[in-house]
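Peer 1: Sharing a structure, written as structure tokens. Questions coming.
The values are calculated or read from the model by the stated rules, or taken from the named source; none is laboratory data. All values reported here derive from a predicted model rather than from experimental measurement. Note that each Cβ is placed from the backbone with ideal geometry, even for glycine, and that neighbours are counted across all protein chains shown. Note: areas computed on protein heavy atoms with side chains; ligands, DNA, RNA excluded. Shrake-Rupley method; radii C 1.70, N 1.55, O 1.52, S 1.80 Å.
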Amino acid sequence: MIVFGSVYVQLDGAARVHVLLNWLSSAGAFLATLFLIPRFAPRFERSGLCGRDLNKVSGKAGGTTNREQPLVPEALGLVAAAVYLCALCLFHLFRGPEATPFYNAALASVTFMILLGFADDVLDLRWRDKMILPCIATLPLLAAYAGSTTVIVPQPVRVWLSRVLGQLAIWVRADRVEALKRMPLVVPRLVDLGWFYKLYMLLLAVFCSNAINIHAGINGLEVGQALVIGCAVALHNAAHLRGWFPLPVADPERLRANHLFSLDLIAPFLATSAALFVHNWYPSAVFVGDTYCYFAGMCLAMAAILGHYSETLLLFFIPQVFNFLYSLPQLLGIIECPRHRLPRLNPKTRKLEGVPSHMNLLNLVLLIWGPMTERQLCIVLMALQAFFCALGYGLRMLVLHKVAWFS
Ligand code: UD1
Ligand code: MG
């Protein structure tokens, strides 16, 4: 049954303690990551896990004496990811057994993904493998998904769909035009997508991890974008738990449990990412590696899938969706795709300039707004991310409020 009217999900004492414990373990995870990264970085470098900081000349950004770019330890996302797993396990000790299957699925998927990301950093996988491996890592998550596979079709879409399907039926069965006109097709309000919904979730996880990985190449951007999206996800959970935008819901208790669980997963992610960001911010002391990109994509997808709001997550990925679509000709090999699609550094101005043949958002922003320093570009891209998250979410709330009252 759908309950209309304002629903305010009140957090009881136990839930407040739960959130507090989650924040405490996340604060511990932040400090541990912050402390451990500089300790592990030299070991990574000694093992050959390092890369050239391609947007620099000489040891300092923009210098001109030594044209060799500095070597930076790579794949330090592994430390953040390992601390995240520890924090999640420790926090689970305090949680009741009711969420155990979901915890296990989340742990299995994220661990699988970290392993694959690290394999990518060490083995430098081909694009084909990068697509296939996240599919495998998502399987435990899909197996544990026990939520609804039903979607609500809004009234305007229902009208439009029944018209399109009606025309299609007339086109296929031209001999029965009169009969089809007398019995117009009615699209139901609730449609169960069944296995297609699970397929959609699988594609979502593959998309999230790869989308973060290809929106990269300047200091701080990989973690920066994930942090902004993670904050949007956490705010979305808070909005439902605190009843900021009251909406009709069928089962407020379930909604509360879903968003609390999603917050459990995202808070330690934000904490470990923030600590990594401190070391990855311009000029980067460490690179995050593909390990972090896959880990971040999986965490965000996981929080949304197990929180039962995977459609909303896509709204927070608008810049990544654009970047992916704009990159498609190069990803598909229709246009030649170089190994790195970075901007060009002008050593005189010490600014990055857009390269038209490198078809990604990074270069497009530089081509539209003009040259910027690496630090400025990262700030602009993070601000754009925040703007589109807010815009997407605002539009969602507008549509949902309209659908709630007119469907
Ligand atoms: C993706 C992008 C590629 C981009 C690269 C940068 C696609 C199809 N691929 O490839 O265009 O150049 O990410 O991460 O869009 N690096 C820097 N500064 C940074 C971060 C990375 O110079 O702030 C360089 C370093 O040399 C580092 C390397 O990028 O070693 C890491 O590249 P990697 O993550 O392996 O590239 P891909 O993810 O395959
Ligand atoms: Mg990468």
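Peer 1: Express the accessible area of the chain per residue in Å², computed with a 1.4 Å probe while the remaining protein chains stay in the model.
Peer 2: 49 Å²
Peer 1: Can I ask one more? How much length is gained if the chain between THR100 and LEU185 is pulled fully straight, taking 0.36 nm per residue apart and subtracting their Cα-Cα distance, in nm to one decimal?
Peer 2: Extending this stretch completely gives an extra 26.2 nm.
Peer 1: So if each residue of separation counts as 0.36 nm, and I subtract the Cα-Cα distance between ALA27 and VAL159, what length gain in nm does that give?
Peer 2: Taking ALA27 through VAL159 to full extension adds about 42.6 nm, to one decimal.
Peer 1: Considering only VAL172, VAL159, VAL17, give the residue with the highest GNM mean-square fluctuation for the chain, with springs between Cα atoms whenever their separation is below 10 Å.
Peer 2: VAL172
Peer 1: If you add up the charges near PRO73, with Lys and Arg at +1 and Asp and Glu at -1, over every other residue whose beta carbon is less than 10 angstrom from its beta carbon, what do you get?
Peer 2: Around PRO73, the charge tally is 0.
Peer 1: List the trypsin sites (Lys or Arg not before Pro) in the range 321-407 that DSSP assigns to loop (not H, G, I, E or B) and whose Cβ has at most 11 other Cβ atoms within 10 Å. Which are they?
Peer 2: ARG339, LYS348
Peer 1: Right, here's the next one. For the range 310-407, state which GluC sites (Glu not before Pro) are in a DSSP loop and have at most 10 other beta carbons lying within 10 Å of their beta carbon.
Peer 2: The qualifying sites are GLU336.
Peer 1: Can you give me the pair-distance distribution of the range 68-152, C-alpha pairs, 5 Å bins, whole percents?
Peer 2: Result, from short to long distances: 3, 12, 17, 18, 18, 13, 9, 6, 2, 1, 1, 0 percent.
Peer 1: Most fluctuating residue of LEU313, LEU168, LEU255 in a GNM of the chain with Cα springs under 10 Å: which is it?
Peer 2: LEU168
Peer 1: How far is the Cα center of the range 76-138 from the Cα center of the range 229-291, in Å?
Peer 2: 16 Å
Peer 1: Largest first and in whole Å, give the semi-axes of the range 99-205's equivalent ellipsoid, each being the square root of 5 times a Cα gyration tensor eigenvalue.
Peer 2: Taking √(5λ) for each Cα gyration eigenvalue gives 42, 19, 9 Å.
Peer 1: How large is the charge dipole for the range 261-394, taken about the Cα centre, if only the Cβ atoms of Lys, Arg (+1) and Asp, Glu (-1) carry charge, to the nearest 20 debye?
Peer 2: It comes to approximately 560 debye.
Peer 1: For the chain, how big is the tail of P(r) above 36 Å, as a whole percent of Cα pairs?
Peer 2: Of the Cα pairs, 31 percent sit more than 36 Å apart.
Peer 1: Ignoring ligands, DNA and RNA, what percent of the accessible area of the chain is carbon or sulfur (1.4 Å)?
Peer 2: Here it works out to 69 percent.
Peer 1: Would you mind getting me the FRET efficiency between ARG52 and GLU353? Use the beta-carbon distance for r and R0 = 22 Å, nearest 0.05.
Peer 2: Efficiency at R0 = 22 Å is approximately 0.70.
Peer 1: Grab the beta carbon distance between SER148 and ALA383, set R0 = 45 Å, and tell me the FRET efficiency rounded to 0.05.
Peer 2: Efficiency, rounded to the nearest 0.05: 0.80.
Peer 1: While we're here: Suppose only helical runs count, i.e. DSSP H with n ≥ 4. What mean residue ellipticity at 222 nm does that imply for the chain under -39500 (n - 2.57) per run, divided by all residues and rounded to the nearest 500 deg cm²/dmol?
Peer 2: Mean residue ellipticity, 222 nm, calculated: -22500 deg cm²/dmol.
Peer 1: Of LEU31, PRO356, GLY194, whose Cα points farthest to the positive end of the dipole of the chain (charges on the beta-carbon: +1 Lys, Arg; -1 Asp, Glu; origin at the Cα centre)?
Peer 2: PRO356
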